[in-house]
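The values are calculated or read from the model by the stated rules, or taken from the named source; none is laboratory data. Small disclaimer: the values here were computed from a predicted structure and weren't measured. Cβ placement follows ideal geometry from the backbone for every residue including glycine, while neighbour counts extend to all protein chains displayed.
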Ligand SMILES: C[S@@+](CC[C@H](N)C(=O)[O-])C[C@H]1O[C@@H](n2cnc3c(N)ncnc32)[C@H](O)[C@@H]1O
């Protein structure tokens, strides 16, 4: 159901290589920048999670999010980049994160999990890095249980004006770094309409500049 995917602008191997390169310095560069969104997403996930339920973290990166969850929250984490997943595994070993039940290199666009496997899915700053964002979003819905929540923090491009022009100009550079600067909200709205199984619960710009937003969807109950 990938209606607007532009599969030519990012490639899975290029994204994995880009984030393998980011892994050693990722926390230094992006640790603070994305802090607010991460906190909001984790709070939303905890609020939506029924007792005993599991959260799937897609595009977990170095695992900065993971200690923000309650120690009792059961977590599964995936990422396309082997170097990122290695970081998560060594942190889990070092800090004894017993609630992190499974960590795996996996492509969000073609997950190997069963349908309806998780009560809550969190995707922080990952959708705009996926070569086929709509395919990833469809997968988010597939693996989430009916009635479960899908919580996404994401870049939202301006798509017009000076910021829109800058974002377009930066695309050839940021694509090599593994993400898109140009990503209008309409892309989410069109995807949700085409997917037909989700209800938008929240679309809230994140401080300080509102260039990123938190989106919360509920998968329909039947
Ligand atoms: C900007 S980082 C965000 C990391 C983390 N969620 C955070 O909040 O810091 C994007 C992450 O998504 C991963 N990623 C990109 N495309 C992916 C895909 N198709 N499947 C799984 N992970 C992917 C990258 O490897 C990278 O670790």
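Within the stretch 121-133, residues that are closer than 14 Å to residue 215 by Cα and near the ligand (Cβ under 6 Å from one of its atoms) sit with their Cβ atoms under 8 Å from residues that are part of a loop (DSSP other than H, G, I, E, B) and at pLDDT 95 or above, at 6+ positions apart or across chains, in these pairs: 124/59; 124/61; 125/59; 125/61; 126/59. The condition (being in contact with a strand residue (DSSP E or B) (Cβ under 8 Å, 6 or more places away or on another chain), away from the ligand (no atom under 12 Å from the Cβ) and closer than 20 Å to residue 12 by Cα) is satisfied by just one residue among 140, 113: 113. Annotation for the stretch 68-77: no member residue is within 8 Å of the ligand (Cβ to nearest atom) and either at pLDDT 95 or above or in contact with a strand residue (DSSP E or B) (Cβ under 7 Å, 6 or more places away or on another chain) (or both). Could you go through the stretch 20-39 and let me know if any residue there is outside any helix (DSSP H, G or I), within 14 Å of the chain's Cα centre (by Cα) and within 10 Å of the ligand (Cβ to nearest atom). Yes, the conditions are met somewhere in the stretch 20-39.
Summed over the stretch 172-188, the residues that are surrounded by fewer than 18 Cβ atoms within 10 Å (Cβ to Cβ) and either out of contact with any strand residue (DSSP E or B) (no Cβ under 8 Å at 6 or more places or on another chain) or part of a loop (DSSP other than H, G, I, E, B) (or both) give a count of 6. Within the stretch 167-191, the set of residues being at pLDDT 75 or above and farther than 17 Å from residue 15 by Cβ comprises 169, 184, 185, 186, 187, 188, 189, 190, 191. The C-beta contact set for the stretch 23-34 (first residue within 16 Å of residue 90 (Cβ to Cβ), second residue more than 9 Å from the ligand (Cβ to nearest atom) and in a helix (DSSP H, G or I), distance under 6 angstrom, 6+ apart or interchain) comprises 23/87. Among the residues of the stretch 9-19, those that are modelled with pLDDT under 90, more than 8 Å from the ligand (Cβ to nearest atom) and more than 18 Å from residue 170 (Cβ to Cβ) comprise 11, 13. Evaluated against (1) in contact with a helix residue (DSSP H, G or I) (Cβ under 7 Å, 6 or more places away or on another chain); (2) away from the ligand (no atom under 15 Å from the Cβ); (3) under 27 Å from residue 196 (Cα atoms), residue 97 falls short on exactly one condition, (3).
The one condition from (1) out of contact with any strand residue (DSSP E or B) (no Cβ under 6 Å at 6 or more places or on another chain); (2) within 16 Å of the ligand (Cβ to nearest atom); (3) closer than 13 Å to residue 99 by Cβ that residue 83 does not meet is (3). Kindly indicate whether residue 52 is near the ligand (Cβ under 9 Å from one of its atoms), at pLDDT below 95 and surrounded by fewer than 16 Cβ atoms within 10 Å (Cβ to Cβ). No; evaluated as a whole, the condition is false for this residue. Anything in the stretch 108-117 that is touching a helix residue (DSSP H, G or I) at 6+ places or on another chain (Cβ under 8 Å) and surrounded by fewer than 24 Cβ atoms within 10 Å (Cβ to Cβ)? List them, or say none. 109, 110, 111, 113, 114, 115, 116, 117, listed by residue number. Taken together, 123, 196, 161 contain a single residue that is surrounded by fewer than 16 Cβ atoms within 10 Å (Cβ to Cβ) and under 26 Å from residue 53 (Cα atoms), which is 196.
How many residues, within the stretch 35-60, are in contact (Cβ under 8 Å) with a residue 40 or more places away in the chain and closer than 22 Å to residue 205 by Cβ? Counting residues in the stretch 35-60 that are in contact (Cβ under 8 Å) with a residue 40 or more places away in the chain and closer than 22 Å to residue 205 by Cβ gives 11.
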